[in-house]
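Q: There's a structure below that I have some questions on.
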Amino acid sequence: MHLAIQQLSKTYPNGTQALKDVSLDIPQGMFGLLGRNGAGKSTLMRILATLQEADQGSARLEGSGGPPIDLLRQKDEIRQTLGYLPQSFGFHPRVSAERLLDHFAILKGIAEPAARREVVEALLHRTNLWEVRAHRMGTFSGGMRQRFGVAVALLGNPKLIIVDEPTAGLDPEERVRFLNLLSEIGEESVVILSTHIVEDVEELCSRLAIIDGGEILLEAEPIRAIAQLRGRIWRRTVARDELATLEQTVPVISTKLLAGRTIAHVYADAPPDPGFEAVEPDMKDVYFSVMAGHHGRRAA
């Protein structure tokens with residue numbers, strides 16, 4: 001099972017071209033869509049979730065146990081097998097989690113009371129919300145609300161699940177709990193994780209794409225993308241007043257503060273000077289090198 005996206009484009013009435021001929025082949029499992037705010041991620045997610053129209057292109061869910069489904073033209077059909085967790089969603093603060101999930105189950109078409117009760121109970125257990133099922137939604141923490149959103153998205157056993165910026169604003173403990181939940185559901189469906197947080201993709205996804213300015217800059221397996229940078233990432237500690245000069249002379253891809261010192265990472269085939277040391281690359285180095293134009297458009 002996979003989602004085949006071909007040359008999707010979208011331009012808003014104000015002239016902003018949000019997507020430019022986006023083509024992706026997204027297999028079953030967790031797929032990361034990584035990009036900064038305004039890169040085009042949410043536009044792509046909304047089009048795939050049938051909430052927005054594309055100007056041109058196609059998107060087909062194939063191998064889901066029946067004929068391919070055209071997401072752009074067969075919206076009713078794809079909604080039957082779609083789970084969507086937007087970046088933010090409304091809820092009634094005075095309604096209990098169990099009652100609200102039951103309401104969403106009715107909307108999803110699970111009409112028979114006994115079957116619905118079984119589904120609701122199973123999802124509350126799966127998202128670790130069973131013990132607080134009678135609590136009002138307004139008392140839930142950010143992580144609990146996100147896990148409730150996953151429960152809603154999983155109604156009907158969807159084959160395509162879209163999750164938009166799910167860990168933004170979560171504390172470290174809630175983030176770990178949430179990512180563990182996502183890793184479990186990724187075994188059964190095509191799951192697209194849209195985020196600007198590099199660590200989320202590195203920890204969860206077997207494939208990824210980096211998007212910026214509405215264009216796909218890289219599509220790859222994280223492990224292979226990292227391996228291609230081995231021997232090309234160098235670092236050096238620099239004083240703050242040196243940084244501007246360094247950036248003018250060598251391809252600095254990122255900087256960070258560590259114990260009050262500025263660490264610069266540089267992309268180069270050899271150390272720019274003896275003060276640099278080789279560093280084992282990670283997903284952040286992949287992301288920043290792509291954004292700086294130092295990494296191939298496609299990788300295996």
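The values are calculated or read from the model by the stated rules, or taken from the named source; none is laboratory data. Source: prediction; values computed, not measured. Because the Cβ atoms are built from the backbone with ideal geometry, glycine has one as well, and the counts that use them run over all protein chains shown.
Yes/no per residue for (1) under 18 Å from the mean Cα position of the chain (by Cα); (2) without any contact (Cβ under 8 Å) to a residue 24 or more places away in the chain; (3) loosely packed, with under 12 Cβ neighbours inside 10 Å; (4) in a loop (DSSP other than H, G, I, E, B):
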residue: Leu243; (1), (2), (3), (4): no, yes, no, no
residue: Gln248; (1), (2), (3), (4): no, yes, yes, no
residue: Ser254; (1), (2), (3), (4): no, no, no, no
residue: Ala264; (1), (2), (3), (4): no, no, no, no
residue: Pro271; (1), (2), (3), (4): no, no, no, yes
residue: Val286; (1), (2), (3), (4): yes, no, no, no
residue: Ser289; (1), (2), (3), (4): no, no, no, no
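Q: Return yes or no: is Glu184 in the same structural domain as Met1 (by TED's automatic domain parsing), in contact with a Leu (Cβ under 9 Å, 6 or more places away or on another chain), over 27 Å from Ser9 (Cβ atoms) and surrounded by fewer than 19 Cβ atoms within 10 Å (Cβ to Cβ)?
A: Answer is no for this residue.
Q: Could you look through the range 10-52, keep only residues that are of a type in the set (Ser, Thr, Tyr) and closer than 18 Å to Ile210 by Cβ, and pick out the one that is surrounded by the fewest Cβ atoms within 10 Å (Cβ to Cβ)?
A: Ser23
Q: Condition test on Pro93, is it over 20 Å from the mean Cα position of the chain (by Cα) and in contact (Cβ under 8 Å) with a residue 24 or more places away in the chain?
A: Considered against the rule, which asks whether it is over 20 Å from the mean Cα position of the chain (by Cα) and in contact (Cβ under 8 Å) with a residue 24 or more places away in the chain, Pro93 comes out as yes.
Q: For the range 92-101, which positions are in a helix (DSSP H, G or I) and surrounded by fewer than 17 Cβ atoms within 10 Å (Cβ to Cβ)?
A: If the condition is that a residue be in a helix (DSSP H, G or I) and surrounded by fewer than 17 Cβ atoms within 10 Å (Cβ to Cβ), then Arg99 is the only one that fits.
Q: Can you say whether Arg175 is modelled with pLDDT of 90 or more, among the basic types (Lys, Arg) and assigned by TED's automatic domain parsing to the domain that holds Gly66, as far as the supplied structure shows?
A: Spelling it out, it is not the case that Arg175 is modelled with pLDDT of 90 or more, among the basic types (Lys, Arg) and assigned by TED's automatic domain parsing to the domain that holds Gly66.
Q: Within the range 123-148, which residues are part of a helix (DSSP H, G or I), polar (S, T, N, Q) and surrounded by 16 or more Cβ atoms within 10 Å (Cβ to Cβ)?
A: Within the range 123-148, just Gln146 meets the criteria.
Q: Moving to a separate point now. Evaluate the following for Ala151: is it touching a Leu at 6+ places or on another chain (Cβ under 6 Å) and at pLDDT below 95?
A: Taking the combined requirement at face value, the residue satisfies it.
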